1. Return 138, 150 ranked ascending by Cβ neighbour count within 10 Å, so the fewest neighbours appear first.
2. To make sure I understand, if each residue's beta carbon is the centre and we count other beta carbons within 10 Å, what order do 63, 120 fall in, fewest to most?
3. Can you put 202, 140, 123 in order, fewest other beta carbons within 10 Å first?
4. Kindly state, to the nearest 0.05, the FRET efficiency for residue 103 paired with residue 198, given R0 = 35 Å and r defined as their beta-carbon distance.
5. Starting from the 7 Å offset along Cα-to-Cβ, what nm value, one decimal, do you get for the label separation of residue 167 and residue 47?
6. Just to verify a number: FRET efficiency for residue 219 and residue 69, C-beta to C-beta distance, R0 = 45 Å, to 0.05?
7. How high is the relative contact order of segment 41-130, in percent, counting Cα pairs under 8 Å that sit 6 or more residues apart?
8. Spin-label point model (7 Å from Cα, Cβ direction): what's the residue 209 to residue 151 distance in nm?
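Readers should treat all values here as calculations from the given coordinates under stated rules, not as data from a laboratory. Remember, predicted model here, so these are calculated numbers, not experimental data. Here Cβ is always computed from backbone atoms with ideal geometry, including for glycine, and neighbour counts include all displayed protein chains.
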């Protein structure tokens, strides 16, 4: 019978390996502690990058639309830069000047500003500069809104900005389209499909822009026609009179044809009436818009 072998003792190398591993882990922990960024330095770096984006200052003027635009620009820049939520209130108020800065100083103690989250700041800001103080005049502005001299795109932007003060008037797609359509210039509105066939707001805006583009192109084409109305004065062109004082007042000459075409209104581009009796002109002149700055 072979003699029993004694169990082998743990190899010294194994003990040494464990010790090295423990030392390595301790070193990694110490390294992570050293590399952890200083909170103030981290915030300062974000602020420097934020300032490089040239964010606009806010002076607290009584223009609710401008205040809402400023707030949207802040959110857009925060998202682009990835600014942490805990920095956003401080960065936004850093841009306050004038009465806005005074307003913020008054609210710091009441709302414990250092701990105020961004959502609460938005609510506070909108309540003071966007919504309640100006709601009555914004409702009136929306109710009286017409395209006037604006492009369709400009009219659309104004419509969207003011509609949130009058949500009941645009609560459903049909009401929204009816209101938008009613404010368009006659030369655009008259060429749109009827509402039962066009109740999508995006589609009615796009269709209006196409009609507007066609109208502009047609006007440019008339101006660029060789020999077209070169000898006519500005007033004569408006009323369709020839330079020789033709008695055909209700017509305009077609270049080279010797024939006369029905005159077109200078304001809306439609035939059958003149500028002084244009319905669009009468509608616009009867409206009085309030100034947001008052």
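1. Details: 138 22, 150 16.
By the 10 Å Cβ count, ascending: 150, 138.
2. Details: 63 17, 120 13.
Taking fewest neighbouring Cβ atoms as first place, the list is 120, 63.
3. Values: 202 8, 140 16, 123 12.
In order of increasing Cβ crowding within 10 Å: 202, 123, 140.
4. Working: r = 45 Å, r/R0 = 1.28.
The formula returns an efficiency of 0.20 here.
5. 3.7
6. On the way: r = 32 Å, r/R0 = 0.71.
Calculated value: 0.90.
7. Working: 65 pairs, mean separation 35.9, N = 90.
Relative contact order for segment 41-130 comes out at 40 percent.
8. Distance between label points: 0.9 nm.
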